[in-house]
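The values are calculated or read from the model by the stated rules, or taken from the named source; none is laboratory data. For clarity, every value in this text was computed on a predicted model and none was experimentally measured. Note: ideal-geometry Cβ built from the backbone for every residue, glycine included; neighbour counts use all protein chains shown.
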Amino acid sequence: MRGGLVITGGILAGNLLGFFRSAVIAYLLGTHAAADGQAVALGPIDTLNSVLINTMVFAFVPLLSAKHGGERAQLFRRAARLFTWVFCSLSAAIIVFAPRLVHLLGPGLDPSVYGATVTLLRIASLSTLAAGAAALHSALLYTERRFAPSAFNQAVINAFVIAGVLLLWKPLGIYSLAIGYTFGAFVQLGIVTVFARRSWKRLAAIELPPAPGEDHTTAELLSKPGSFLVYAGLLSLNIIVTRAYATQAGPGMAAALDYCMRCVNVLTAYLISPASNSLLPEIARLRGAGRTPQAFRLINRVLSLTAIAAVASCAIGIAIRQPVIAILFQRGSFTAESTQMVSAVFLGFAPSLIGLSLLEIAARSLFALDRPWLPLTAAAVPLLVNLVISAALHTTAPQMIGVGASAGFLTGFAVLWAMVLSRRARWLRELQPAT
C-alpha cells in the first residue's frame, strides 16, 4: 500500500510538472516551426528513455529478487558495468548519426530549424546514458521495496527542463530545453545512485551460502531484457511514425501532436500503471500456485474495467478538448489558432488511449504468464496498421494525423486478444498441475 501511494504520488508530480513544462514551451514556441524541431528532437529521446527504464526494471527486478545478500550485490555490479557500456554506445551512436536521424524522424521539418534540431538531439542523447543507468539502480531499489528515489524520475526531469528554460532561455534559446532535460536525467541518476550504493554495500557485506542454480553469463544478461525491449520498442515506433507523418502536414503539426500526447499520456499513466503494478504480481502468484483459471478471470475483470474507464475518458476528452486546451496552453506564442490546431489533432489521436491501455495491460499480463511471443507478435500490428493508413490517407488534415496511431493500437489489442482466446483452453490444460 505504501509503495503504491509513493508511485502514485510520483506519477501525479510528474504529470503536473509535465503540464507546466508543456505550458512553458507553448508560451515560448507555440505551434511554429521551432516547436516542431524540439518535438522531433526531444520527443523520440523521451520515448527511448522511457522504453529503457521500463525494460531494465521489468527484466532485472525478477533476476535480482532471486538472489540474496552478496550474490545480489555481485549480480547488480556485473549488470551495471555491462550496461553502462551499452548505454554509452547508444548515446554515442545517436550523436554520430543525428543528422540522418533527424531526416528520418522529421522528414517534413522546416529546413530553417534542421540544424538546431540536430544539435538538440545530440545534447538530449546524453540523457539516454543517465536514464538507462538510473533504471538499473532503480531495479535494485525495487527489489527492496524502496520506491521513492525512483518514483519521481519524470518529475525531476520536468523540473529541470523548466528551470533550464527560466535560467538559460535568453543566452541559449531553444537549446536550454535539451540542456535542462539532460541535466535533470543526470541529477536523477545521482539520486538513485546514492540510495542504491547504500543497498549494494549492505548486501555485499552479507555472506550467504551460494544458492543452487547457474550463474548468469554476459549473453544471458544481455538477452534477458530483449523480449520486453522489442515489445516496448515496437509500440513506441507507432508514435514516432505518427510524429514523422505530422511533420509533413505543415508547420506546427508535430508540435500540436506533442501537446495532444501530453494530455493523453496523463490518462494512460493512470489507466496502465496502477492496474499493471497491482495485477502482475498477483498473476505471477496465481500462475505459480497452478490457479490459472483465476488468473484469466482476474485479467478479464481488469480489462473490462479499463475499457469502461478508457472509453469514458476518451469521450469526455473529445467533448471538452477545446476549452481545456485553451486553459492549459493558450498564452504567449500559443494563439487561438494554435488551440484550434491542437484540438483538431486531438480528435484523431484521442482514441489511441483506448487501444494502448488495453493492449498494454493484456500484454504485460501475458508476460507475467510467461507467454511473451503473443505480445511480441501483437506489438508489430500497430506499426504496420499505422504505416498502411498513413500511406493511404494522402491528406494533411489535422484531425487525420492521429488516426493511424489510434487504429493501430485498437487493432493490436484486437489481434492480441483473439490470439489469447484461441489458445486459452490449451494453456489452461498445460498450466494445471498434474494430478
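Test residue 48 against the criterion of being aliphatic (A, V, I, L, M) and in contact with a helix residue (DSSP H, G or I) (Cβ under 8 Å, 6 or more places away or on another chain), and give yes or no. Here the answer is yes, as residue 48 does meet what is asked.
Scanning region 262-297 for residues that are part of a helix (DSSP H, G or I), among the hydrophobic types (A, V, I, L, M, F, W, C) and modelled with pLDDT under 75 yields 275, 279, 280, 283, 284, 286. When the test is whether a residue is in contact (Cβ under 8 Å) with a residue 60 or more places away in the chain, crowded, with 22+ Cβ neighbours inside 10 Å, within 21 Å of the chain's Cα centre (by Cα) and farther than 15 Å from residue 196 by Cβ, residue 132 does not pass it.
Residues considered: 47, 8. Of these, the only one that is within 21 Å of residue 245 (Cα to Cα), surrounded by fewer than 21 Cβ atoms within 10 Å (Cβ to Cβ) and within 21 Å of the chain's Cα centre (by Cα) is 47. All told, residue 159 falls short of being under 23 Å from the mean Cα position of the chain (by Cα), small (Gly, Ala, Ser), assigned to a helix (DSSP H, G or I) and crowded, with 22+ Cβ neighbours inside 10 Å.
Being under 30 Å from residue 107 (Cα atoms), part of a loop (DSSP other than H, G, I, E, B) and either in the same structural domain as residue 239 (by TED's automatic domain parsing) or at pLDDT below 95 (or both) narrows it down to one residue among 355, 332; which is it?
Details: 355 fails: part of a loop (DSSP other than H, G, I, E, B).
Just one listed residue meets the conditions, 332.
Could you tell me which of the residues 407, 425, 368, 397 is closer than 20 Å to residue 318 by Cβ and modelled with pLDDT under 90?
Numbers: 407 fails: modelled with pLDDT under 90; 425 fails: closer than 20 Å to residue 318 by Cβ; 368 fails: closer than 20 Å to residue 318 by Cβ.
Going through 407, 425, 368, 397 in turn, the sole match is 397.
If you check residue 90 against the conditions, is it part of a helix (DSSP H, G or I), in the same structural domain as residue 179 (by TED's automatic domain parsing) and farther than 30 Å from residue 25 by Cα? Answer is no for this residue. Has region 21-44 got any residue that is modelled with pLDDT under 90, in a helix (DSSP H, G or I) and surrounded by fewer than 21 Cβ atoms within 10 Å (Cβ to Cβ)? Checked against the condition, which is being modelled with pLDDT under 90, in a helix (DSSP H, G or I) and surrounded by fewer than 21 Cβ atoms within 10 Å (Cβ to Cβ), region 21-44 yields no hits at all.
Each residue in region 215-260 was checked for being part of a helix (DSSP H, G or I) and more than 30 Å from residue 63 (Cβ to Cβ), and 15 of them qualify. Out of (1) among the hydroxyl-bearing types (Ser, Thr, Tyr); (2) buried (at least 22 other Cβ atoms within 10 Å of the Cβ); (3) touching a Phe, Trp or Tyr at 6+ places or on another chain (Cβ under 8 Å), the odd one out for residue 119 is which? In the conditions (1) among the hydroxyl-bearing types (Ser, Thr, Tyr); (2) buried (at least 22 other Cβ atoms within 10 Å of the Cβ); (3) touching a Phe, Trp or Tyr at 6+ places or on another chain (Cβ under 8 Å), residue 119 misses (2) alone.
The conditions of being touching a residue at least 24 places away in the same chain (Cβ under 8 Å), at negative phi and either assigned to a helix (DSSP H, G or I) or not acidic (Asp, Glu) (or both) are not met by residue 320.
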